[in-house]
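*Asks:* Take this structure first; my questions come after.
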Amino acid sequence: MKTQKNSVHKILLAASLALPLFATGGAARADDLDGDAGHPPMMRHEGQQGPGHDGPEHGPGGGFHGGMPPFGGPGMGGRPPFVHGVELSEAQEDKVFAILHAEQPYLREQGKAAAKAHEALRALAGADQYDDAKAAALAKEAATAMANIALQHVRTEQKLLAVLTPEQRKKQAEGLARRAPRP
């Protein structure tokens with residue numbers, strides 16, 4: 001039982017870490033007047049890596065700045081993926097929405113901070129004058145922002161689990177175990 005419980009906790013943690021980065025995807029900033037409005041800085045088209053974006057400052061290859069994939073929302077139907085297959089009442093759906101909506105400003109702020117630090121690191125890497133102390137500080141800023149995002153996802157997941165009934169939690173845990181990769 002302990003192994004299964006550990007496995008479920010690891011899966012929940014992985015799901016919460018995968019969930020997070022949708023916060024940076026949907027909201028447009030006032031200064032975004034071009035075609036990239038609503039995309040987080042690491043997904044902007046100018047200077048993006050990938051097909052059509054090769055160059056001396058970027059190099060070839062795909063990927064998104066900051067290592068974040070394009071993710072438009074928290075699972076199918078606006079629900080977190082870890083509750084897939086669990087029937088929620090309308091009141092529970094409303095609570096889930098409120099919880100996810102409440103975390104968005106913080107996640108967006110942290111995502112922007114991480115992207116800004118990553119961009120500054122990339123600029124420093126190509127600069128004529130390299131400052132290792134500044135690079136270390138920027139790396140720490142980026143890591144702190146990403147850690148804050150991961151921690152917020154864990155907190156949010158706990159809030160979401162609290163919305164579920166014991167039967168729903170059991171069904172949710174069974175669904176995660178069923179979808180988990182086998183060794």
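*Asks:* Looking only at the stretch 144-174, count how many residues are outside any helix (DSSP H, G or I) and in contact (Cβ under 8 Å) with a residue 24 or more places away in the chain.
*Replies:* Qualifying residue count, the stretch 144-174: 1.
*Asks:* Further, regarding this structure: How about the stretch 123-143: which of its residues are assigned to a helix (DSSP H, G or I) and either in contact (Cβ under 8 Å) with a residue 24 or more places away in the chain or on the phi > 0 side of the Ramachandran plot (or both)?
*Replies:* Correct list: Glu141, Ala142.
*Asks:* Just one of the numbered conditions (1) at pLDDT below 95; (2) under 19 Å from the mean Cα position of the chain (by Cα); (3) basic (Lys, Arg) is not true of Arg155; which one?
*Replies:* The number of the failed condition is (1).
*Asks:* Within the stretch 85-92, is there a residue that is surrounded by 12 or more Cβ atoms within 10 Å (Cβ to Cβ) and part of a helix (DSSP H, G or I)?
*Replies:* yes
The values are calculated or read from the model by the stated rules, or taken from the named source; none is laboratory data. Computed from a predicted structure; not experimentally measured. Virtual Cβ from ideal backbone geometry, glycine too; neighbours counted across all protein chains shown.
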